[in-house]
Amino acid sequence: MGAADPRPECEDNFIADTAARRMVRRVPTAGRGESADEVRRALAGQKFDCADTLCVVDEKGRLDGVLRLVDLLAAPAEASIESLMIADPPRSLPDTDQEHVAVLAQRRGLAAVPVVDEDGRLLGVVPPEALIDVLRREHVEDLHRLAGIMHRDSVALSALEESPWRRLRHRLPWLLVGFAGSVAATAVVASFEARLQARVALAFFIPAIVYLADAVGTQTEAVAVRGLTLSHVPLWRALRGELAAGLMIGGALALLALPTVGLAFGDWELAVTVAITILTASTLAASIGLLLPWLLSRLGQDPAFGSGPVATVIQDVLSLLVYFLVAAALL
């Protein structure tokens, strides 16, 4: 019983943002056959890098269990460590990403996360202060992602400090893309001028349909990017989830719009047209809100400048196009 020995073979795994980088090695250890009193007396006077958790190991140094220090101090003198410990506890390999380690500690209620090698031998633990620091850093990174900064901190800082001319150069091209999209949106409306003249009530719902699509897309940009950060799910899985969410959100809004429009205007064909459009536009907006920031970041562009204007105009054009195509088919 004592402190875990340093493992030289772990040095190769000291990579940034991994469990090996965050772990400490001098931690209290004990055998499962020892009593609580024996362990308490043996720990007295020793110095550890982290003493929040007692690691229970076998004769080969393999991790058998863990025991919180507060539980050790409160245990009867004759109680065996085996009866007190949490057997087969969650553990991490040295090359596990630090964020996964922090999430593991949070989900399993661990004060410290043991780090073991491929054979299960204890190397050390990731201590509470490291876990808190990881969560704080990941939270800041998530906020940067929500702002469209992603991993470009220096670019984000210079964006707030650069001259007006440089700001113009960075932002205007994306707004010109948005301007071109607005021209396209106008062209879509103009191409259905005859139908609008024949059914003036169609024009009443253009602002509502465009707004709802933009709102769904904006929500997706804020929520989906953070979800990708925390869970590291593949893009296809995140996209599938957002498509399902967009479909359900659009379905709920469509169910509200159908009776509202039908009763207010006495035109149930128009009500069905609006409901189908809201359903389709919401689904499309959810996918665009996820894919566009992801694509811009992969292309090395700053999503803070591009995702808002471009996503908005794409959603607007598609929403209008869907609206008039559905109207042409049903009215």
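The values are calculated or read from the model by the stated rules, or taken from the named source; none is laboratory data. A quick note: this is a predicted structure, and the numbers were derived from the prediction, not measured. Note that each Cβ is placed from the backbone with ideal geometry, even for glycine, and that neighbours are counted across all protein chains shown.
One table, with the values for the structure above:
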item: Candidates VAL261, VAL313 - the one that is surrounded by fewer than 24 Cβ atoms within 10 Å (Cβ to Cβ) and at pLDDT below 90; result: VAL313
item: Some residue of the range 265-279 being surrounded by fewer than 22 Cβ atoms within 10 Å (Cβ to Cβ), hydrophobic (A, V, I, L, M, F, W, C) and at pLDDT below 90; result: yes
item: The range 161-218, residues that are of a type in the set (Val, Ile, Thr) and assigned to a helix (DSSP H, G or I); result: VAL177, VAL183, THR186, VAL188, VAL189, ILE206, ILE209, VAL210, VAL216, THR218
item: Residues that are buried (at least 18 other Cβ atoms within 10 Å of the Cβ) and under 25 Å from the mean Cα position of the chain (by Cα), drawn from the range 233-258; result: ALA238, GLU242, ALA245, GLY246, ILE249, GLY250
item: Within the range 40-72, considering residues that are out of contact with any helix residue (DSSP H, G or I) (no Cβ under 9 Å at 6 or more places or on another chain) and among the small types (Gly, Ala, Ser), the one surrounded by the most Cβ atoms within 10 Å (Cβ to Cβ); result: GLY61
item: Residue list for the range 188-214, restricted to those being surrounded by fewer than 12 Cβ atoms within 10 Å (Cβ to Cβ) and closer than 21 Å to ILE288 by Cβ; result: PRO207
item: Residue in the range 73-94 that is hydrophobic (A, V, I, L, M, F, W, C), touching a residue at least 60 places away in the same chain (Cβ under 8 Å) and crowded, with 18+ Cβ neighbours inside 10 Å present; result: no
item: Selected residue (only one of ARG68, ARG108 is within 38 Å of the chain's Cα centre (by Cα) and either over 20 Å from VAL134 (Cα atoms) or at pLDDT 90 or above (or both)); result: ARG68
item: Matching residues, the range 28-42, being closer than 24 Å to ALA130 by Cβ and either free of Cβ contacts under 8 Å to residues at least 24 places away in the same chain or of a type in the set (Ser, Thr, Tyr) (or both); result: THR29
item: Strands (runs of 3 or more DSSP E) wholly inside the range 22-117 that include at least 3 residues being under 23 Å from ARG136 (Cβ atoms); result: 113-116
